[in-house]
Amino acid sequence: MTYEELLMTIEQKLEQKEFQQEFRDGLHIGRKLAIVTIAHAMIDIGISLETIIKIVVLSQNKLEQIAD
C-alpha cells in the first residue's frame with residue numbers, strides 16, 4: 001500500500017465515522033421530535049400532564065434500551 005493509498009483509506013474511515021455519528025445524532029433528534037409530537041397529541045385529546053409525563057419517561061427508557 002502506498003502512502004497515498006494509506007491516506008485515502010484513513011480519510012474514508014474518518015468520513016464513515018463522521019457520517020455514522022451524524023446519522024446517530026439525527027436519529028436522536030427524530031426520537032425527541034416524535035415524543036414532542038405525541039405529547040402534543042395527548043394534550044389535545046385531554047390526557048393529564050401527569051399521565052403524559054409518566055408515559056414519556058417510560059417511553060424514553062424503552063427507546064434507550066432499544067438503541068443500546
Would you check if I47 is assigned to a helix (DSSP H, G or I) and among the β-branched types (V, I, T)? no
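With the requirement that a residue be of a type in the set (S, T, Y), exposed (fewer than 10 other Cβ atoms within 10 Å of the Cβ) and modelled with pLDDT of 90 or more, what does segment 1-30 give you? I'd like the intermediate steps shown before the answer.
Residues of segment 1-30 of a type in the set (S, T, Y): 2-3, 9.
Still in the running and exposed (fewer than 10 other Cβ atoms within 10 Å of the Cβ): 2-3.
Scanning segment 1-30 gives a single hit, T2.
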Segment 18-38 residues that are at negative phi, paired with ones that are of a type in the set (K, R) (beta carbon under 8 Å, 6 or more apart): none
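The values are calculated or read from the model by the stated rules, or taken from the named source; none is laboratory data. Every value quoted in this text rests on a predicted model; they were computed, and no experiment measured them. Virtual Cβ from ideal backbone geometry, glycine too; neighbours counted across all protein chains shown.
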